[in-house]
Amino acid sequence: MSRAGAPAHGDESLRRLLEWLCGTLAAVALFAIMILTLIDVSGRKALSQSVPGSLEMTELLMVVTIFAGLPLVSLAGEHVVFDSLDPWLPARVRRLQGLCVDLVCAFGLLGLAWVMWTMAGQRAADGQTTAQLKLPIAPFVYGMSVLCAITAVLHLLLMLRPVAHHHVGVDGREST
Amino acid sequence: MTEALLGFAGVFVLALARVPLAFAMGLVCVVGLGLVRGWSVTAAAAGQVLYETGFAYTLSVVPLFILMGNFVARAGLAHELFRLAYSFVGHVRGGLAHATILACAGFGAICGSSIATAATMSKVAYPSMRKLGYADYLSTGVIAGGGTLGIMIPPSTIMVIYGIVTETHIGKLFAAGVLPGLLLAALMMGAVVIVTTRDPQAGPAGERSSWRERFAALRGIWGVALLVVVVLGGIYGGVFTATEGAGIGASGAFFFALARRTLTWRMLREVLVESARTTAMLFTILIAAMMFSGFINFTSMPGDLKDWITHMGLAPLAVVGAMMVIYVLLGTIMEELSMVLLTIPVFFPIVTQLGFDPVWFGVLIVLVVQIGLISPPVGMNLFVLNSLLKDVSLRQIFRGVWIFVVALCIGLAVVLEFQPLATWLPSFMR
């Protein structure tokens, strides 16, 4: 990874904390989806009895996995970018470009956070719950909003880094 | 039509300015829809897409298949697959290269990612080829090319995403990939034969293995082979859905890794976090693409293009062929997944209107992505190899890969012309 430039100390511990928190959240949720699906499917096929509410639990856990993973993606600079022009741009232009890009990302994510916060407020006011287990939905939507906001702040913090953090790289890029 | 074209132009300009593609698509959609339909409606629509894509049971198929691949990759299965393939074909000229392709095909039956397949194989196959004196251009070319089998042979992340976006049956897409995947493996092995005939020094033969060794190698992989049969067979036979199959597969791979004692707490956490990260990255693009396609569908572009094609009276197959040419050309410089997601809202309605099977088109899409992944100058697989194998120059990699690009292009032409190759197996599914 070309994540050059040593970050300041406070910065680093904050980053570790965030990585640990979001990583644990996403890992536990994903593992739970896996086990839940296993128990649900084998129960249904072998004993013709499914786990009650497994469907909606999976849905809630999916939200946790995706949105807890979001800050990690930004932190690792793993978003898909078109970086073929990089070799032709002087370092100073790239630095400026990095700043603008982080600003755009932060702006977009803050917008989403605001939209989701409003939506969560509505769901809370309506007292909306899942169909089977009657779990409240609003806290999860609030969670989506908060994690979007955290990622937005992250992009703003990344602007303070001495060198552009997005890398021409491959680590973890396993989409295709 | 104008709004849509402006939208596409906007995405390209933002992407060229290095804005992550997901954000570029999302931003253009919000601004575009906001100007056309009003801002509050747009904000609500964006929130709705985010909400619905997040809270979606069927989409758990994405992380679960990623997890399955990652567990098995960590368990070191690739070594055994390679040894098995080598024990059968190692003694012919270019045997290690043939074995690499076969091992890639086998690995592709567990892993749905081309990059992961190529990366794994570079660690497993490259050292053996180097030891035997293979030319670097052949060994890297064959790993890059073979790696792309990961997305044609089910499971396949690209197929899952195509299935989600176009609402095409994922199980049928998986079934459709099997025969083309085998065809491509055969074509690539043909490419190896051509290379080693022209330059016998590039790929010398290895030692012949005894049948005892072959059976010993088979023993190492039967567990995972069984898992693959259960998961893919179960989906094909309609015993369970793709989502359920993915859950079974991931759990099976987890227990497999556990049984082989390759799993520590730390590694378990790493695998889970890595898979979650890949999932989050895919979902940002997916969500943005859904938003963007909402915008495109709101404009008159899909309808206009359909009318235009009907008006011109073009041969249907020629239209799809032209799309493929566009994809192959775009794929040389663009990131493939975003290229597909960006164009699907425009191309897909045309293809279905012309009466083609969406499953067949899905296989074509996978093929152009494969080609894009290994075609210079911007092929992701090539860069992966370049970063993993430090002492092989990018020039060597480029030199070796072109023949595999040609092999894939031949495969594309064959699937384009003989549709049953893709549609025959799925036709038995309910």
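Annotations for the structure displayed:
- Selection from segment B:380-412 of residues that are within 18 Å of the chain's Cα centre (by Cα) and of a type in the set (Gly, Ala, Ser): B:ALA407, B:GLY411
Residue-by-condition table, conditions (1) within 9 Å of chain A (Cβ to nearest Cβ); (2) over 16 Å from B:THR352 (Cβ atoms):
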residue: B:LEU282; (1), (2): yes, yes
residue: B:ILE285; (1), (2): yes, yes
residue: B:PHE298; (1), (2): no, yes
residue: B:PRO302; (1), (2): no, no
residue: B:LEU305; (1), (2): no, no
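- Being assigned to a helix (DSSP H, G or I), crowded, with 24+ Cβ neighbours inside 10 Å and either within 17 Å of the chain's Cα centre (by Cα) or not basic (Lys, Arg) (or both) is a description that does not apply to B:CYS111.
- Restricted to segment A:76-132, and to residues there that are of a type in the set (D, E, K, R) and either facing another protein chain (nearest Cβ under 7 Å) or open to solvent by less than 50 Å² (accessible area, probe 1.4 Å) (or both), the residue that is nearest to B:GLY54 (Cα to Cα) is A:ARG123.
- Answer residue from segment A:41-63, given it is open to solvent by less than 80 Å² (accessible area, probe 1.4 Å), outside any helix (DSSP H, G or I) and small (Gly, Ala, Ser) and is nearest to B:VAL239 (Cα to Cα) among those: A:SER50
- Criterion violated by B:ALA105 - all others in (1) within 21 Å of the chain's Cα centre (by Cα); (2) open to solvent by 10 Å² or more (accessible area, probe 1.4 Å); (3) within 14 Å of another protein chain (Cβ to nearest Cβ) satisfied: (3)
- Single match in B:LEU16, B:LEU21, B:LEU6 (criterion: more than 30 Å from A:GLU56 (Cβ to Cβ) and either of a type in the set (Lys, Arg) or more than 7 Å from chain A (Cβ to nearest Cβ) (or both)): B:LEU6
- Checked against (1) farther than 26 Å from B:THR299 by Cβ; (2) in contact with a helix residue (DSSP H, G or I) (Cβ under 6 Å, 6 or more places away or on another chain); (3) in contact (Cβ under 8 Å) with a residue 60 or more places away in the chain, B:PHE55 passes all but a single condition, namely (3).
- Test: B:MET267 is farther than 13 Å from B:CYS29 by Cα, in a helix (DSSP H, G or I) and within 14 Å of chain A (Cβ to nearest Cβ): yes
- Of all residues making up segment B:236-259, the number that are farther than 22 Å from B:ARG74 by Cα, within 12 Å of chain A (Cβ to nearest Cβ) and assigned to a helix (DSSP H, G or I): 3
- B:TYR86 meets each of the listed conditions (1) buried (at least 23 other Cβ atoms within 10 Å of the Cβ); (2) farther than 22 Å from B:PRO200 by Cβ apart from (2).
- Residue match in segment A:12-32 (condition: of a type in the set (Asp, Glu) and either modelled with pLDDT under 90 or touching an Asp or Glu at 6+ places or on another chain (Cβ under 6 Å) (or both)): yes
- The residues of segment A:62-75 that are facing chain B (nearest Cβ under 8 Å) and of a type in the set (A, V, I, L, M, F, W, C), listed by number, are A:MET62, A:VAL63, A:ILE66, A:PHE67, A:ALA68, A:LEU70, A:LEU72, A:VAL73.
- Qualifying residue in segment B:309-329 (condition: in contact with a Lys or Arg (Cβ under 9 Å, 6 or more places away or on another chain), open to solvent by less than 60 Å² (accessible area, probe 1.4 Å) and part of a helix (DSSP H, G or I)): no
- Elements of type helices (runs of 4 or more DSSP H) in segment B:359-430, at least 1 residues being surrounded by fewer than 16 Cβ atoms within 10 Å (Cβ to Cβ) and more than 14 Å from chain A (Cβ to nearest Cβ): B:394-417, B:420-423
- Looking only at residues in segment B:46-73 that are more than 7 Å from every other protein chain (Cβ to nearest Cβ) and more than 22 Å from B:SER251 (Cα to Cα), the one that is surrounded by the fewest Cβ atoms within 10 Å (Cβ to Cβ) is B:GLU52.
- Scanning segment B:341-383 for residues being aliphatic (A, V, I, L, M) and either within 25 Å of B:ASP304 (Cβ to Cβ) or without any contact (Cβ under 8 Å) to a residue 24 or more places away in the chain (or both) gives a total of 10.
- Test result for A:ARG161, part of a loop (DSSP other than H, G, I, E, B), at pLDDT below 90 and not small (Gly, Ala, Ser): yes
- From the options B:LEU173, B:LEU182, residue that is within 21 Å of the chain's Cα centre (by Cα), modelled with pLDDT of 95 or more, open to solvent by 10 Å² or more (accessible area, probe 1.4 Å) and more than 14 Å from chain A (Cβ to nearest Cβ): B:LEU182
- Considering only residues in segment B:187-222 that are of a type in the set (Gly, Ala, Ser) and over 15 Å from B:VAL92 (Cα atoms), the one that is most open to solvent (accessible area, probe 1.4 Å) turns out to be B:ALA216.
- Residue check: B:HIS91 meets all listed conditions (1) open to solvent by 10 Å² or more (accessible area, probe 1.4 Å); (2) at pLDDT below 90; (3) more than 10 Å from chain A (Cβ to nearest Cβ) but one, namely (2).
- Among the candidates B:THR168, B:THR157, B:THR148, B:THR100, the residue that is farther than 24 Å from B:SER209 by Cβ and more than 13 Å from chain A (Cβ to nearest Cβ) is uniquely B:THR168.
The values are calculated or read from the model by the stated rules, or taken from the named source; none is laboratory data. Quick caveat: nothing in here was measured; it's all calculated off a predicted structure. With ideal geometry, Cβ positions are generated from the backbone for all residues, glycine too; neighbour counts draw on all protein chains shown. The area values use the complete protein model at the heavy-atom level, side chains included, leaving out ligands, DNA and RNA. Shrake-Rupley method; radii C 1.70, N 1.55, O 1.52, S 1.80 Å.
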